[in-house]
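One structure below.
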Amino acid sequence: MARGGQRRLAGLGVVAVFILALGYLATELSVPAETTAAEADAIPQSPMRISYGNSPETFGDLYLPPASHTRLPVVVLIHGGGWAQNRTLAQFDAHARALADDGVAVWNIEYRRVNGGGGWPVTLTDVDDAVDALANIVAPRLGNLLDLRRVQLAGHSAGGHLAAWTAGSVVPQKHSALRIRSLTLMAAVLDLDLAVAEGRDAFVPKLLGGTPAEVPDRYRNASPVHQLPANDIRVTALHGENDRVVAPIQSHRYVEAVTRAGGTADVQILSGTGHGEFADAESPAWKTARDTIIGYVSAVN
């Protein structure tokens, strides 16, 4: 064999050994080799189902873009449905895929709901645990891929309530390894006393186990309007002007409370929009929410 051919074979041998070594290292870490570096070339395209608790309902689906050359900011999606068992995270499947196509990681979470092991305080603490799991369960599976200093929360209706409650500054600060940067609320229930007083939300007493007169402390502790986010979390509340399920005043009051406390918040009332449109991934209402979320992601480095 010519000397040049021998050199090429020897070089290929070195490359083969190097590739085998990388494969062995990835196996030891239980993470694909390409996801252990910030400059990932190929990452899973299908949702990864990951448990964050011991209940069958405490899990989330992690959606990733097909490729990335940077660490990925994370959007936590929290579905609505009156905190009731008949709605699931499948409501946000198409939304999560759309956001992943925009180049972010999406943690679409499930939680225990009323008549399914949830209610006060389990439903609320499950969501808090799901966010916390980004740092201690989800991110470790992906090496250095997720940027936990760029976490955005977004939720619809009851999910908006849970997103705002979790971001509240008086919630125990378990999230030292991550940073919540923004909050996008879609037709959210943010003042639970007001919701009951107006007769617009019969689900609230089921969540909290009584009326405001019966369990007043629960209403105060569970209402985001009384548990405001830290001032460095930017808030946008989106609401349909024709919403007959959750009154737009819910968003107005919450944004006013955040602003009075020194935070940055705005409310956008969408004309010709009701309550359920945000759950439709083809609707103009969701497009507005998606643009808001990605705008926050893009603004934070």
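The values are calculated or read from the model by the stated rules, or taken from the named source; none is laboratory data. Because the structure is a prediction, the values reported are computed rather than measured. Cβ placement follows ideal geometry from the backbone for every residue including glycine, while neighbour counts extend to all protein chains displayed. For the accessible areas, the whole protein counts, side chains as well, though only heavy atoms, and no ligand, DNA or RNA atoms are used. Shrake-Rupley method; radii C 1.70, N 1.55, O 1.52, S 1.80 Å.
The table for this structure:
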| quantity | calculated |
| --- | --- |
| Radius of gyration and maximum dimension Dmax of region 96-162, Cα, Å | 13.3, 38 |
| Largest-first ordering by accessible area, 1.4 Å probe, given options SER176, SER182 | SER176, SER182 |
| Region 167-258, Cα convex hull volume normalised per residue, Å³ | 97 |
| Region 45-152 - Rg and Dmax from Cα coordinates, angstrom | 13.5, 43 |
| Candidate residues LEU228, LEU207: accessible-area rank, largest first, probe 1.4 Å | LEU228, LEU207 |
| Kirkwood Rh in Å, taken over all unlike Cα pairs in region 250-290 | 11.5 |
| Cα-only Debye scattering, region 115-204: base-10 log of I(q)/I(0) at q = 0.13, 0.14 Å⁻¹ | -0.49, -0.56 |
| Residue-count net charge about ALA158 - beta-carbon cut-off 12 Å; Lys, Arg +1, Asp, Glu -1 | +2 |
| Percentage of interatomic Cα-Cα distances in region 97-250 larger than 21 Å | 46 |
| Probe 1.4 Å, all protein chains present, accessible-area order of TRP83, TRP165, largest first | TRP165, TRP83 |
